[in-house]
Amino acid sequence: MENLTEQELATLNAVRFPQIPLYEGFGAPVRLESDLRDCEVSYGEVPKDLNGALYRCGPDRQYPPLIGDDIFIDGEGLVVMFRFENGHVDFKTRYVRTERFLLQEKHRRGLFGRYRNRYTHDPIAKGCNPGTANTNVVWHAGKLLALKEDDLPIEIHPYTLETIRRYDYDGGIKSVWLSAHPHLDQTTNELLTFAYQAKGDGTTDMAYYVIGPDGKVKHEVWFNAPWPGMLHDFAICDKYVIFPFFPLLTDVEVLKKGGPFYQWHRDKETMVAVVPRYGTADQIRWFRGPTSFAGHMMNGSSNGSKVSVDICLSRGNSFAFFPNHDGAPPDPTQGAPYLTRLTLDLAGQTEEIKSERLYDWLCEMPRTDDRYQGNGTYRNGYVVCHDPRRVWAGMSGFSSVGHYDLKTGAANSWSPGPNSGVQEPCFAPRKPNSPEGDGYILALVNRMAENRSDLVILDAKNLEAGPVAMVKLPVRVRTTFHGMWVSQEALDSGHYSVSRTP
Ligand SMILES: [Fe+2]
């Protein structure tokens, strides 16, 4: 093999994906970049007051993995855009041209091994940045950024989706990468973000940043996590930011042996750091509680001395594609997430985390009316969920989009029916200054039997009324993780003009 030329090697490595469930059916890589002007509208009418773009991002393998043991969160970032203009919807997808993408394109094969394990990459990939930009897209300070938590943001063009550059905020970011879950405060036009393992694999360094409306770093705090582990998401409120640490840990010695980037330690506790939004490391307060896990946060809030965060919390590891440290099989019951409020009392004498389950529907991918991120109070939350009133045979993934009214405790949902699933809902306000929750929910719908996708537009106040409109795609959009609605006004100005209505 070592005598073969690169060209001969490429011929031997025909593009053929492993025959495993990950790459079959709806999960099969699409590997296409699309341009479709004027999508079909199969039901209803697209509201003419909805002008702007819905951006989404997810993994779509460019080449078969170097090793067979792959997990679904790996793969090259494909950015998806639905452009809304006066009742018309245009659809576009583009791969993010990361260093990894370009190197693999050149060599016509996969060069990166196990997820985030640099010890398993092909020697050709040595020194190449392994980031995939496959997790989230955010519009801030006139830049559209594709994000993955083990790389810096990648700037892409908001209309062509062309890759522009790897972006370190003009040298303002000193951590080696940034989270894929920044939170935008649309009233201050600040982007609050962070990095975990901020000095490299297995380090405990945490970096928290506030990026100002001008796109410059205006505040940063460095502190140490209790362990080198995953911190996928955090929550913000008006005075504080909240970092929950769950025991999904990285061990560099395991990486050197070719092992997984994270292992679940079910014997360890949960710790939460409450950091003043504009404060310093010595003002951080720590709280602790029993073993738990959450991938995603809905929102934070503060009331007097009490700080709370609403999160999709499970008792065990809900990212079960990362194994248990002790070799035990995954436990789906322990890993089932429910919307839960954690409350931390800054005036209390203990480090206790108070935990209260808010809803009994299994749910994930929590979102809000984005204008109310970081607000003192908010009322509406949106999730993908299993509404027990709806049983759909033959479906995989989440069956419903759910709306939680946190003021009344009411919950309602919409489901696309049999053999269909839903992806993370994004909220679009009816008008820039509409009251909280007055607007639309936009969600990709997986049509399993037809092997293609729809985009549903729902009335955010009345999901159960059914779609306002259904945009029909002739192609499949593989699972996208996260994204956001950006109004035309925000695209034009580079800023959000939001005032909140109680
Ligand atoms: Fe995420």
Looking across the stretch 122-135 at residues that are surrounded by fewer than 20 Cβ atoms within 10 Å (Cβ to Cβ) and not β-branched (Val, Ile, Thr), the single one that is farthest from the chain's Cα centre (by Cα) is PRO123
Within the stretch 363-380, identify whether any single residue is more than 16 Å from the ligand (Cβ to nearest atom), within 25 Å of TRP264 (Cα to Cα) and surrounded by 17 or more Cβ atoms within 10 Å (Cβ to Cβ), and answer yes or no.
-> no
Out of all the residues in the stretch 274-296, which are away from the ligand (no atom under 16 Å from the Cβ) and assigned to a strand (DSSP E or B)?
-> VAL274, VAL275, PRO276, ARG285, TRP286, PHE287, ARG288, GLY289
Could you run through the stretch 23-69 and say how many residues are over 19 Å from VAL96 (Cβ atoms), in contact with a Leu (Cβ under 8 Å, 6 or more places away or on another chain) and assigned to a loop (DSSP other than H, G, I, E, B)?
-> 2
Among residues of the stretch 316-352, those that are outside any loop (DSSP other than H, G, I, E, B) and over 13 Å from GLU364 (Cβ atoms), counted = 7
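The rows are residues; the columns are (1) part of a strand (DSSP E or B); (2) over 21 Å from the mean Cα position of the chain (by Cα).
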residue: GLY374; (1), (2): no, no
residue: THR377; (1), (2): no, yes
residue: THR408; (1), (2): no, yes
residue: GLU424; (1), (2): no, no
residue: TYR440; (1), (2): yes, no
Test: SER420 is among the hydroxyl-bearing types (Ser, Thr, Tyr), in contact with an Asp or Glu (Cβ under 6 Å, 6 or more places away or on another chain) and crowded, with 17+ Cβ neighbours inside 10 Å = no
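Conditions (1) under 25 Å from LYS199 (Cα atoms); (2) acidic (Asp, Glu); (3) touching a residue at least 24 places away in the same chain (Cβ under 8 Å), marked per residue:
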position	(1), (2), (3)
ALA133	yes, no, yes
LEU145	yes, no, no
ASP151	yes, yes, yes
ILE154	yes, no, yes
PRO158	no, no, yes
LEU161	no, no, yes
ARG165	yes, no, no
TRP177	yes, no, yes
Inspect all residues belonging to the stretch 304-315 and state whether any of them is in a strand (DSSP E or B), basic (Lys, Arg) and within 28 Å of THR408 (Cα to Cα).
-> yes
Can you tell me how many residues in the stretch 197-227 are without any contact (Cβ under 8 Å) to a residue 60 or more places away in the chain and touching a helix residue (DSSP H, G or I) at 6+ places or on another chain (Cβ under 8 Å)?
-> 2
Given (1) touching a residue at least 60 places away in the same chain (Cβ under 8 Å); (2) of a type in the set (Asp, Glu); (3) more than 16 Å from the ligand (Cβ to nearest atom), number of the condition ASP122 does not satisfy | (1)
Pair list, Cβ under 7 Å, 6 or more apart: the stretch 279-295 residue basic (Lys, Arg), other residue surrounded by 17 or more Cβ atoms within 10 Å (Cβ to Cβ) = ARG285/VAL274; ARG288/THR270; ARG288/MET271; ARG288/ILE353
Does the stretch 122-134 include one or more residues that are among the β-branched types (Val, Ile, Thr) and at pLDDT below 95?
-> no
Among the residues of the stretch 474-488, write down those that are surrounded by fewer than 18 Cβ atoms within 10 Å (Cβ to Cβ) and either hydrophobic (A, V, I, L, M, F, W, C) or farther than 19 Å from HIS157 by Cβ (or both).
-> PRO474, VAL475
Note on MET365: of the conditions (1) farther than 24 Å from THR480 by Cβ; (2) under 23 Å from the mean Cα position of the chain (by Cα); (3) at pLDDT 95 or above; (4) of a type outside the set (Lys, Arg), unmet is (1)
Would you mind telling me which numbered condition in (1) surrounded by 18 or more Cβ atoms within 10 Å (Cβ to Cβ); (2) more than 16 Å from the ligand (Cβ to nearest atom) ASN324 fails?
-> (1)
Could you please find all residues in the stretch 74-121 being in contact with a strand residue (DSSP E or B) (Cβ under 8 Å, 6 or more places away or on another chain) and acidic (Asp, Glu)?
-> ASP74, GLU76, ASP90, GLU99
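The values are calculated or read from the model by the stated rules, or taken from the named source; none is laboratory data. Just so it is clear, the model here is predicted, and its values are computed rather than measured. FYI the Cβ positions are ideal-geometry reconstructions off the backbone, even for glycines, and counts take in every protein chain you see.
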